[in-house]
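Below you'll find the structure, written out as C-alpha cells, and then a few comments.
The values are calculated or read from the model by the stated rules, or taken from the named source; none is laboratory data. Model, not experiment: these values are computed from the prediction. Note that we place each Cβ from the backbone using ideal geometry, even for glycine, and neighbour counts take in every protein chain shown.
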Amino acid sequence: MVYFRSDNIISSLGFGTEENFFSMVSGEVGIKTIVDQKYYPKAFPASMIDEERLNKEFQIIADQYSNNNSYTKLEKMIIVSVNDALSLTDIEIHSSRTAIILSTTKGNINLVSNENEETFEPERILLWKLGDIIQDFFGNPNKVIVVSNACISGALAINIAAMYIESEQFDNVIVTGGDLVTRFVVSGFMSFMSLSPTACKPFDKNRDGLSLGEAAGTVILSKHKNMHRQNIIFKGGATANDANHISGPSRKGDGSYIAIKKAIFQSNIKPEQIDHISSHGTATPYNDEMESISIDRHHLESVPVNSIKGYLGHTLGAAGIIETVILLEEMRQNILLKTAGFEELGISHPINIINHTFNMEINTCLKMASGFGGSNAALIISKV
C-alpha cells in the first residue's frame, strides 16, 4: 500500500494544512484585489501569500540548516512547505530511499523581469535548476524529478510518486510544488481573456473566468503507515490526453472521462463507492462544462463535488497537490467544504455541487485535474 504520511500548504490563507483548512471551513477567501503595476497595469483579483511572514519562516529554517545562501521567493515557499511536512514525520531526508518530485509550471519565472533586487545566475530560471536548489538545501542524495505538464502537474506528480513506491524504487517520496503570481503569468492569462474581474465562481451560472493564486504545497507518500492519525492510501491514478486544442478541453470530456475510468479500474473499486469528488473547477466556461459532462458520463452526478479554487485561485503547478491535501483533510475531519463563489448551477449536466459546508462520513474520493494541451489526470484515495 501507498500511504499519505504528511502534508503542508503555504498560501494566502495560512502556513500549514490545518490553518488553511479551517480558514476555508469558516468561509474565508484568500482572493483579493491586487493593485500593483509590478504585476499588471490594472487592478486584478488574485490570491497572494504574506511575503513578510514567508521571509521570517524561511529564515528560521535557514538558521537551523546554517545556510546563508540567497533564495528566490518560490524557493523559499517550497523549502518552508517541505520542511513543515517533513517535521511531522520521522522520514530521513538524507536517505537514498527518499525521493523528491517537484511540480511547477513556470518555476522562477519572476527572474525574467526586474522584480528582484537580488541578482541570480541566468540558469536559475530553468526548472531543473529549481530542483537542484531544493535537493542541495535538504541534502537529499537523489536528483529531484521535475514534473511540468500544465495544470495537471501536481496530480500527475502524486501518481508518479505512488508508482515509484509501488515498484519499490523508493520507500518515501516527497511531492512538492509551487508557482507564483507574476507579471508574465498575469499578462498571459489576460491575453487569453480568461481572468475574471472578481473572485472566481466555479460551476456558477455567472462564472466569467478564473482567478490566479500563488502557493506551495507538499504531500509525502510512503510505504509506511502513519502511526499518529487516520491512514489514507493511494488507490489508483491515471492520465489521458484528449488532443483537442492547445488550450480548450474536449467538449465531450473525453480525456477526463478516460483518466477517471482508468483510475477507477486501477483502484479496483466501483464508481458507486466514490463518496466525494474534488474537481479541477477553474470557473472558466469550458472547463466546468467539460468536467460536468465527464462526471455525468460516469453516472456520478449525485456525488458531492467541490472546487477549492474559489478560495485560493488557480495555483497552477501547486493546484493538484494543494487540492489533494485539502481533500485528505476533508476525509480526516469528515467535513465537505462548500464551493466558494458558487450560487446557481450554470452547467448543462446537473451534478451535485456543494453549496454549503457540512459533515459527512467520507471514505473514498476522486481527485480530478485538467490542463492546457488536452491533459487530464485523476486519482482515487481511500481510508483504511
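Data for the structure
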quantity: Members of region 202-255 found to be of a type in the set (Ser, Thr, Tyr) and buried (at least 21 other Cβ atoms within 10 Å of the Cβ), listed by number; calculated: 211, 218, 222, 239, 250
quantity: Flag if residue 186 is in contact with a strand residue (DSSP E or B) (Cβ under 8 Å, 6 or more places away or on another chain), of a type in the set (Val, Ile, Thr) and crowded, with 22+ Cβ neighbours inside 10 Å; calculated: no
quantity: Considering residues of region 332-341 that are in contact (Cβ under 8 Å) with a residue 40 or more places away in the chain and surrounded by fewer than 23 Cβ atoms within 10 Å (Cβ to Cβ) only, the residue nearest to residue 233 (Cα to Cα); calculated: 332
quantity: Filter result for residue 269 (more than 21 Å from residue 318 (Cα to Cα), in contact with a Leu (Cβ under 8 Å, 6 or more places away or on another chain), surrounded by fewer than 24 Cβ atoms within 10 Å (Cβ to Cβ) and touching a residue at least 40 places away in the same chain (Cβ under 8 Å)); calculated: no
quantity: Criterion: over 30 Å from residue 72 (Cβ atoms), touching a residue at least 40 places away in the same chain (Cβ under 8 Å) and more than 20 Å from the chain's Cα centre (by Cα) - qualifying residue of 201, 225; calculated: 225
quantity: Selected residue [buried (at least 17 other Cβ atoms within 10 Å of the Cβ) and farther than 17 Å from residue 279 by Cβ] from 375, 382, 370; calculated: 382
quantity: Which numbered condition residue 7 misses (of (1) touching a strand residue (DSSP E or B) at 6+ places or on another chain (Cβ under 7 Å); (2) surrounded by fewer than 21 Cβ atoms within 10 Å (Cβ to Cβ); (3) among the acidic types (Asp, Glu)); calculated: (2)
quantity: Check on residue 226, out of contact with any helix residue (DSSP H, G or I) (no Cβ under 8 Å at 6 or more places or on another chain) and closer than 26 Å to residue 356 by Cα; calculated: no
quantity: Meets criteria (surrounded by fewer than 17 Cβ atoms within 10 Å (Cβ to Cβ) and of a type in the set (Asp, Glu)) for residue 344; calculated: yes
quantity: Residue in region 60-73 that is surrounded by 24 or more Cβ atoms within 10 Å (Cβ to Cβ) and assigned by TED's automatic domain parsing to the domain that holds residue 187 present; calculated: no
quantity: Single unsatisfied condition, residue 104 versus (1) at pLDDT below 95; (2) hydroxyl-bearing (Ser, Thr, Tyr); (3) in contact with an Asp or Glu (Cβ under 7 Å, 6 or more places away or on another chain); calculated: (1)
quantity: Positions within region 35-50 being among the basic types (Lys, Arg) and either surrounded by 14 or more Cβ atoms within 10 Å (Cβ to Cβ) or touching a residue at least 24 places away in the same chain (Cβ under 8 Å) (or both), in sequence order; calculated: 38
quantity: Residue match in region 140-163 (condition: within 30 Å of residue 1 (Cα to Cα), in contact with a strand residue (DSSP E or B) (Cβ under 6 Å, 6 or more places away or on another chain) and surrounded by fewer than 17 Cβ atoms within 10 Å (Cβ to Cβ)); calculated: yes
quantity: Residue count for region 348-384, restricted to those that are in a helix (DSSP H, G or I) and closer than 24 Å to residue 269 by Cβ; calculated: 0
quantity: Checklist (1) assigned to a helix (DSSP H, G or I); (2) surrounded by fewer than 13 Cβ atoms within 10 Å (Cβ to Cβ); (3) not basic (Lys, Arg) applied to residue 21, failing item; calculated: (2)
quantity: Contacts under 8 angstrom Cβ, first residue in region 307-318 being under 13 Å from residue 178 (Cβ atoms), partner at pLDDT below 95 and part of a loop (DSSP other than H, G, I, E, B), 6 or more apart; calculated: none
quantity: Number of the condition not met by residue 182 [criteria: (1) within 27 Å of residue 354 (Cβ to Cβ); (2) in the same structural domain as residue 44 (by TED's automatic domain parsing); (3) not hydrophobic (A, V, I, L, M, F, W, C)]; calculated: (1)
quantity: Some residue of region 84-96 being surrounded by 17 or more Cβ atoms within 10 Å (Cβ to Cβ), under 25 Å from residue 210 (Cα atoms) and either at pLDDT below 95 or charged (D, E, K, R) (or both); calculated: no
quantity: Exclusive hit being of a type in the set (Lys, Arg) and touching a Gly at 6+ places or on another chain (Cβ under 9 Å), set 223, 205; calculated: 205
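Residues checked against (1) in contact with a helix residue (DSSP H, G or I) (Cβ under 9 Å, 6 or more places away or on another chain); (2) in a helix (DSSP H, G or I); (3) free of Cβ contacts under 8 Å to residues at least 12 places away in the same chain; (4) more than 23 Å from residue 128 (Cα to Cα):
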residue: 52; (1), (2), (3), (4): no, yes, yes, yes
residue: 67; (1), (2), (3), (4): yes, no, no, no
residue: 74; (1), (2), (3), (4): yes, yes, no, no
residue: 78; (1), (2), (3), (4): yes, yes, no, no
